[in-house]
Amino acid sequence: MLGLFVVAFGTALWFAPFLFTKRGGPTLLSIDRRARWGLLLQVAGLAMMAISPFWSATRLTPRLATAAVLFLLAALLSWTATRSLGEQLRFDAAIGAEHRLIQQGPYRIIRHPVYGSMLCLLWALGAVTTPIPLFAAATVVFLIGTEIRVQIEDRLLRDRFGESFTRYRHSTAAYVPFLR
């Protein structure tokens, strides 16, 4: 039961800011719906982790404690990223007419903190009870999806902001701190 509580609470805490953040207006300069394929792979990776019997964890173990820390980190990133993005938050990879290049909050450390939060969520789910081979496979599927989205979004941002985005991209990791 403890595992079920940690997973349910951690996932809800991570997901909540996406429900409460007002999305951007309809004025789009560019959109690339191909990024949805990346999202599909990200969700597939999360689903692979979620098939493990996380509800069977009944006592605090090192794996469950690790999961709790990862859920908290995922929530911290999702809350701060959505707050920094504000109305620029969108489901699709898109650039709005009012779009600004965000470089404050978690965006000082990583260019795509929402994806960093999703990676923490993925690993939190996996840390509870997922066997190592499934953990590795789910991580690979998730990372392929994330890379699809990052490449598309980075191209849109480069096209809109030019040299200022290029400098930002070269000085800031994508979604894992210190990894370029």
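Throughout, read-outs are computed from the coordinates displayed, never taken from laboratory work. Keep in mind that this is a model prediction, so the values were computed, not measured. Positions of Cβ are backbone-derived with ideal geometry, glycine not excepted, and every protein chain shown enters the neighbour counts.
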Spin-label point model (7 Å from Cα, Cβ direction): what's the residue 20 to residue 178 distance in nm? 3.2
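Pairs of alpha-carbon atoms within less than 8 angstrom and 6+ residues apart define the contacts here; what relative contact order does the range 1-98 have, in percent?
Details: 95 pairs, mean separation 59.5, N = 98.
Once divided by the residue count of the range 1-98, the mean separation gives 61 percent.
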Entry for Kirkwood radius over Cα pairs in Å (calculated from the structure that is shown) out of (1) 16.1; (2) 17.8; (3) 16.8: (3)
Given charges at Cβ of Lys, Arg, Asp, Glu: the chain dipole, positive-most of 58, 119, 29: 29
Sequence order, the range 41-54: Karplus ³J(HN,Hα) from phi using 6.51 cos²θ - 1.76 cosθ + 1.60, θ = phi - 60°, Hz rounded, Gly and Pro as x, gives 5, 4, 5, 4, x, 4, 5, 4, 5, 6, 7, 6, x, 4
Computed helical MRE - 222 nm, the chain, DSSP H runs ≥ 4 contributing -39500 (n - 2.57), nearest 500: -22000 deg cm²/dmol
Work out the FRET efficiency for residue 28 and residue 137 from their Cβ-Cβ distance, taking R0 = 35 Å, and round it to the nearest 0.05. 0.50
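Suppose every K and R has +1 on its Cβ and every D and E has -1 on its Cβ; what is the size of the dipole of the range 2-171 about the Cα centre, in Debye to the nearest 20?
Numbers: 18 positive and 9 negative charges, 29 e Å.
The calculated dipole for the range 2-171 is roughly 140 debye.
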What distance in nm lies between label points placed 7 Å from Cα along the C-beta direction at residue 9 and residue 158? 4.4
For residue 30, what residues show an amide H to amide H distance below 5 Å, using hydrogens built from the backbone and excluding near sequence neighbours? 95
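Pairs of alpha-carbon atoms within less than 8 angstrom and 6+ residues apart define the contacts here; what relative contact order does the chain have, in percent?
Numbers: 277 pairs, mean separation 62.3, N = 180.
That works out to 35 percent.
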